[in-house]
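Since the structure comes first, as structure tokens, the remarks are kept for the end.
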Amino acid sequence: MTAAKSVSWSSVHFRIAALVFMLAAAAATAAAQTYTDLHNFSSNSGPNEPFFSVIAQGRDGAMYTTSRQGFTGRQGDIFKITPQGKVTELHEFHGRDGEAPIGGLTLATDGKFYGTTSAGGDFGFGTVFNITAGGTLKTLYSFQDKKDGSLPNAAPIQGEDGNFYGVSSSCTGFVGNNSCLTENANKFGAVYKITAQGKFTVLHTFNGKDGANPFGHLLQASDGNFYGTTLDGGAHNLGVIFRISPSGEFKVLFNFDSKFGAGPTAPLTQGSDGNIYGVSSGPDGGTVFKLGCDGVKILHNFAGGENGTNPVGGMVQATDGKFYGTNDIGPLDFVGGVIFRISPAGAFATLHKFDFTSGGSAQTTILQHTNGLLYGETCCGGSSAVGVFYRLNAGLHSFVSFLPAAGRFRTTIDILGQGFTGTTRVSFNGRAAEFKVVSDTFLTATVPPGAATGFITVATPKGTLISNRKFQVIHGQGEGRKQNSFCQKD
């Protein structure tokens, strides 16, 4: 007879505790990546088919963006949506005031949102506009299809000087590989500057060799220069990465080839490490890449399978330091694309597969709301097959965001977040600042003399909120800023 083995209660308790811990960890992981279809767009009841747009968080905590289509017979919409999914239409386009706004919106320091339409206006080639949170729209400029380009597909961004900077593509196509070069043999797009009053200046006109048809939004990096990509042109006719100063000094930094992908449509983003990150599409599935002081490095190749292909929307670096993005094709078992996460070192994970039932073909840049949750759109799928607005809970914490990204002493900074009522302290890298609580989701603060580049913190009754990135303090005229390189260390 075999003697029974003695098992202590402490061992049993340890094993049970370990099992409970693992189950709880698994449950937490599952909860931390929960996908929710917040709103199904419908061609019969408001905005639908959002393409390539960026989403702006407003001072009221709601999100604002555009859609290419509206009700039957309409030519696009501007709408807002709450974090809970309630949609309010703010403006419908009818052609003369613009048509097909596919680039989304940018929140400016005047509280208005700025954007473009890719067609319509006085001459039929698109417009630049602003709109209030209440829905009052003003057309600032109508493109003429000359040196100013035409058919802008991206919203302008507000620069540190208060002006707005953007690109016009002269292209109606959504893919690279010379499609736009063929369509517009002698027109390759432009980079422009426009004031809040509508004064328009062309900073650079592309000639094909230095790129053609810039499609995505510009990025103003920590050096004060703007960075962007073109859909076509360059040494291999597959697009370029370029840099341009606020005064128009232009340089091609990289020419895309078959190895690095082609036809980038998405905006670039600067990581907390100072490097610039982006995605490209192309016939081989596309890439995630990093532009550093030593050139361009591929972090991930999309080649179908579980990862899908064709990333056409931009990435956001969230508060965990990782980048979140989408692609709009595949994998084969879920043909609607995926939501992915990738670290600055290239560690890649697929978080959600679109199956068209709850959305498909995600082409917009993901927004991390200050509540910590991730929000985005698909152009297709959902109950009416014309897209959804979704939320992804990735287990990230709440924070505060701010604009502008940089400023000198005594500059007034807008700070967005939640729970601001009863705030007791705002500081810039530890130095206390004067502030004014405007609402529970919006306050202003003044950069205190002696402050240094660093994080903004807001002490609220429910806890201290920290900004998702560093606020850059500018000392003097260009002091401490390398105007010919983004390779600056804070």
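Every read-out reported here was derived from the displayed coordinates using simple, explicitly stated rules and does not represent laboratory data. This is a predicted model, so every value here is computed, not measured. As a convention, Cβ positions derive from the backbone with ideal geometry for all residues, glycine included, and neighbour counts pool all protein chains shown.
Here the gap between VAL202 and LEU403, fully extended at 0.36 nm per residue and compared with their Cα-Cα distance, gives a gain of 69.9 nm. Exceedance of the 31 Å cut-off in Cα-Cα distance is limited, within the set LYS138/LYS251; LYS86/LYS322; LYS80/LYS436; LYS86/LYS353, to LYS138/LYS251.
Taken over segment 40-310, the ratio of Cα radius of gyration to 2.2 N^0.38 Å equals 0.96. Where does the charge balance sit around PRO311 when Lys and Arg score +1, Asp and Glu -1, over other residues with C-beta under 13 Å from its C-beta? With Lys, Arg at +1 and Asp, Glu at -1, the neighbours total -1.
For segment 283-297, backbone phi angles converted through the Karplus equation (6.51, -1.76, 1.60; θ = phi - 60°) give residue-by-residue couplings of x, 9, x, x, 9, 9, 10, 10, 9, x, 5, 9, x, 9, 10 Hz, Gly and Pro being listed as x. Charge tally for ASN301 (other residues, Cβ to Cβ under 10 Å; Lys, Arg +1; Asp, Glu -1): 0. Going by neighbour counts of Cβ atoms within 10 Å, the residues SER245, SER467, SER53 line up, fewest first, as SER245, SER467, SER53. Farthest towards the positive end of the charge dipole of segment 401-473, among the residues ILE466, SER439, PRO449, is the Cα of PRO449, using unit charges on the Cβ of Lys, Arg, Asp and Glu. So, counting K/R as plus one and D/E as minus one, what does the shell of residues with Cβ under 14 Å around GLN144 add up to? Local net charge: 0. Working note: Karplus 6.51/-1.76/1.60 with θ = phi - 60° gives segment 96-110 the couplings 5, 8, x, 7, 6, x, 9, x, x, 9, 10, 7, 10, 6, 8 Hz, where Gly and Pro are set to x.
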